[in-house]
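The values are calculated or read from the model by the stated rules, or taken from the named source; none is laboratory data. Only a predicted model underlies this, so the values are computations on that prediction, with no experimental measurement involved. Quick reminder, even Gly has a Cβ in these numbers, built from the backbone with ideal geometry, and neighbours come from all protein chains shown.
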Amino acid sequence: MPPDRASATDANRASLFADYDLGGFFDEVFDADNHVRPHYAPLLAGLDRFTPEDLVRRARIRDAAFRSQGITFTVYDEGEGIERTFPMDLLPRIVPADEWQHIEDGLVQRVTALNSFLDDLYVGEGAAIHDGIIPIWLVETSDGFNREAFGIPVPLGARCLVAGVDLVRDGEGTYLVLEDNLRNPSGVSYVIENRVAMTRVLPTVFANQQIRSVDHYGRSLLNALNRVAPPASGDRPTVVVLTPGVFNSAYFEHVFLASQMGVELVEGRDLVVDDHVVSMRTTQGLQRVDVIYRRIDDAFLDPVVFRSDSTLGVPGLMAAARAGNVTIANAVGNGVADDKAVYAYVPELIRYYLGEEPILPNVDTYLLWDEDQRSEVLDRLDELVIKPVAEAGGYGIVIGPAASDAELEACRVNIEADPRNYIAQEVVSLSRHPSLVDDHLEGRHIDLRPFVLSGGDIEVIPGGLTRVAMQRGSLVVSSSQGGGSKDTWVLAKGAELVVDSDAETHDGTEPAADDVEELS
């Protein structure tokens with residue numbers, strides 16, 4: 001590299017990482033001695049071609065493209081929903097192949113055990129309960145437990161057809177399971193759109209890299225849904241995506257997935273049940289429906305058996321499922337297994353159903369109905385994280401070290417009033433990743449939500465949604481509370497990131513007009 005180019009790229013990196021502080025956390029890009037981890041070195045070399053101003057311009061282009069495509073998410077603040085462009089940070093997360101293999105093995109193991117537990121609970125003998133692996137009272141008092149699911153089989157036992165398992169890395173870089181999302185896990189559309197954005201907004205950085213693809217997700221999801229169709233549906237089952245409608249916070253994703261699979265997006269009013277058969281209204285008349293990928297919670301699915309005031313669901317849907325004429329994915333009643341108290345028993349469920357040691361450990365968790373554990377937690381409230389067992393999206397969480405005295409006291413009162421409704425966990429020092437803040441890079445805490453498909457074989461989509469806490473110091477990464485995301489690159493086996501040092505240097509201009517039009 002000529003001296004002038006070398007000095008320019010050194011200056012660019014110095015500007016981007018000015019005052020970058022590891023903060024004592026595990027950093028995904030830099031080791032404890034502030035050396036770049038080998039699998040990130042080529043990426044940073046590629047970014048050296050860009051000045052801070054260049055990246056800011058690229059970020060504006062990304063935001064404009066996301067707005068024009070309607071890539072949004074609703075953030076709820078003080079009871080009001082605010083639709084906003086889904087934030088994507090320009091620096092991708094990179095996972096080496098061997099590291100990903102460990103994650104993938106652990107996810108396959110975990111989802112296999114969870115499917116076994118749910119199938120055993122709803123259509124089996126409840127063996128894990130009878131053998132004392134998990135208390136029956138805990139299961140039956142779970143907000144996600146649903147008696148209406150008893151006796152309704154799911155083909156291939158794929159009750160968690162789509163699972164989103166949230167992973168974090170602690171201060172040592174160990175991957176831990178933070179929680180399981182087994183009802184209607186969202187976010188996969190942003191995984192795919194983030195990848196598209198990266199290839200077009202920073203094409204020279206992405207080019208020639210051996211990164212595993214994520215754009216096959218729609219095909220994989222459709223294949224999984226087809227495999228769980230009722231036997232009577234034949235070789236070409238009819239699959240639909242059931243949405244609550246345009247006012248749902250994840251409506252963009254519902255539209256996106258229906259489009260990716262090439263199936264109809266329907267609302268409850270578009271479906272009708274007659275003689276325990278579900279049909280879809282079309283301009284050619286009624287068409288039988290075999291598989292429903294629902295993005296509606298259990299309580300709103302069927303007003304005949306659940307909430308009678310629901311206008312979102314389909315009257316008679318549960319009877320059709322019980323008759324074996326339609327498959328609902330994810331299965332009704334899955335919420336019992338992503339109850340945060342049941343989460344604490346998943347390692348034992350893995351040992352029980354699979355006879356294996358868990359590959360991915362849980363975060364250390366305290367069950368507050370246990371008097372001894374509750375007493376210890378109440379003595380250490382300011383050191384722990386307290387979570388309601390049935391909430392999602394980061395709502396209701398109290399992070400002890402950051403909470404005020406009043407918040408801690410209110411938390412104490414809530415626990416003592418209803419200890420079943422809460423768990424406590426040790427604070428995990430979530431790993432951090434450089435993220436673009438204005439015109440420089442700062443460390444922000446991240447997690448990872450990989451998506452796992454069941455339906456015979458279990459498939460883990462390479463990468464997943466890396467979520468970013470956009471506020472400095474915050475541990476809350478949830479999209480519903482303003483978190484952002486990163487593209488997640490899983491390197492192919494035997495591959496190394498490659499940067500062509502002789503590639504044409506960036507000249508400070510915007511991407512070509514046709515590239516921007518493609519994105520928008």
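The criterion of being crowded, with 18+ Cβ neighbours inside 10 Å and either in contact with a Phe, Trp or Tyr (Cβ under 7 Å, 6 or more places away or on another chain) or in a helix (DSSP H, G or I) (or both) does not hold for residue 366.
Screening region 421-436 for residues that are hydroxyl-bearing (Ser, Thr, Tyr) and buried (at least 23 other Cβ atoms within 10 Å of the Cβ) and picking the one that is nearest to residue 20 (Cα to Cα) gives 431. Examine region 469-484 for a residue that is farther than 30 Å from residue 376 by Cβ and in contact with a Pro (Cβ under 6 Å, 6 or more places away or on another chain), and state whether such a residue exists. Looking through region 469-484, at least one residue is farther than 30 Å from residue 376 by Cβ and in contact with a Pro (Cβ under 6 Å, 6 or more places away or on another chain).
Here is a yes/no grid of residues against (1) within 15 Å of the chain's Cα centre (by Cα); (2) not in a helix (DSSP H, G or I):
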{"site": "178", "(1), (2)": "yes, yes"}
{"site": "186", "(1), (2)": "yes, yes"}
{"site": "189", "(1), (2)": "yes, no"}
{"site": "193", "(1), (2)": "yes, no"}
{"site": "223", "(1), (2)": "no, no"}
{"site": "226", "(1), (2)": "no, no"}
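Contact map, region 232-260: residues that are farther than 21 Å from residue 286 by Cα paired with residues that are among the hydroxyl-bearing types (Ser, Thr, Tyr), Cβ distance under 6 Å, separation 6+ or inter-chain. Pairs shown: 249/74; 250/186; 252/72; 253/186; 253/189; 254/243; 256/189.
Residue check: residue 172 meets all listed conditions (1) more than 30 Å from residue 362 (Cα to Cα); (2) acidic (Asp, Glu); (3) in contact (Cβ under 8 Å) with a residue 12 or more places away in the chain but one, namely (1).
For (1) at pLDDT 95 or above; (2) aromatic (Phe, Trp, Tyr); (3) outside any helix (DSSP H, G or I); (4) within 27 Å of residue 400 (Cα to Cα), each residue gets a yes or a no:
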| site | (1), (2), (3), (4) |
| --- | --- |
| 442 | no, no, yes, yes |
| 447 | yes, no, yes, yes |
| 455 | no, no, yes, no |
| 466 | yes, no, yes, yes |
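The strands (runs of 3 or more DSSP E) found wholly in region 377-440 include none carrying at least 3 residues that are basic (Lys, Arg).
Residue by residue, here is whether (1) surrounded by 21 or more Cβ atoms within 10 Å (Cβ to Cβ); (2) among the polar types (S, T, N, Q); (3) not assigned by TED's automatic domain parsing to the domain that holds residue 297 holds:
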residue	(1), (2), (3)
128	yes, no, no
170	no, no, yes
182	yes, no, yes
186	yes, yes, yes
199	no, yes, yes
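Here residue 383 does not qualify as under 16 Å from residue 181 (Cα atoms) and surrounded by fewer than 17 Cβ atoms within 10 Å (Cβ to Cβ).
Restricting 168, 196, 191 to those that are out of contact with any helix residue (DSSP H, G or I) (no Cβ under 8 Å at 6 or more places or on another chain) and under 30 Å from residue 59 (Cβ atoms) reduces the list to 168. Exactly one residue among 104, 140 is among the acidic types (Asp, Glu), in the same structural domain as residue 234 (by TED's automatic domain parsing) and more than 21 Å from residue 458 (Cβ to Cβ), and that residue is 140.
Among residues of region 348-369 that are farther than 28 Å from residue 380 by Cβ, those with a Cβ under 7 angstrom from a residue that is part of a helix (DSSP H, G or I) and β-branched (Val, Ile, Thr), sequence gap 6+ or separate chain, pair up as 354/112; 356/350. Looking only at region 455-480, residues that are surrounded by 20 or more Cβ atoms within 10 Å (Cβ to Cβ) and small (Gly, Ala, Ser) come to 5 in all.
From the list 255, 240, 291, 273, exactly one residue is surrounded by fewer than 20 Cβ atoms within 10 Å (Cβ to Cβ) and either among the aliphatic types (A, V, I, L, M) or at pLDDT 95 or above (or both). Which is it? Checking each option against the conditions leaves just 255. Of the residues in region 298-308, not one is closer than 23 Å to residue 261 by Cα, touching a residue at least 40 places away in the same chain (Cβ under 8 Å) and over 25 Å from the mean Cα position of the chain (by Cα). For region 406-420, how many residues are farther than 24 Å from residue 477 by Cα and either among the charged types (D, E, K, R) or surrounded by 15 or more Cβ atoms within 10 Å (Cβ to Cβ) (or both)? Residues in region 406-420 being farther than 24 Å from residue 477 by Cα and either among the charged types (D, E, K, R) or surrounded by 15 or more Cβ atoms within 10 Å (Cβ to Cβ) (or both): 8 in total. Screening region 277-347 for strands (runs of 3 or more DSSP E) wholly inside it with 1 or more residues that are in the same structural domain as residue 224 (by TED's automatic domain parsing) and of a type in the set (Val, Ile, Thr) returns the ranges 277-282, 291-294, 327-329. When the criteria are applied in full, residue 23 fails the requirement of being under 30 Å from residue 257 (Cβ atoms) and of a type outside the set (S, T, N, Q). Kindly establish whether residue 124 is without any contact (Cβ under 8 Å) to a residue 24 or more places away in the chain and either closer than 20 Å to residue 362 by Cβ or surrounded by 20 or more Cβ atoms within 10 Å (Cβ to Cβ) (or both). No; evaluated as a whole, the condition is false for this residue. Cβ separations smaller than 9 Å between residues 6+ apart or across chains give the following pairs from region 420-439 residues that are under 30 Å from residue 369 (Cβ atoms) to residues that are assigned to a helix (DSSP H, G or I) and small (Gly, Ala, Ser): 420/341; 421/341; 422/341; 423/341; 424/400; 427/400.
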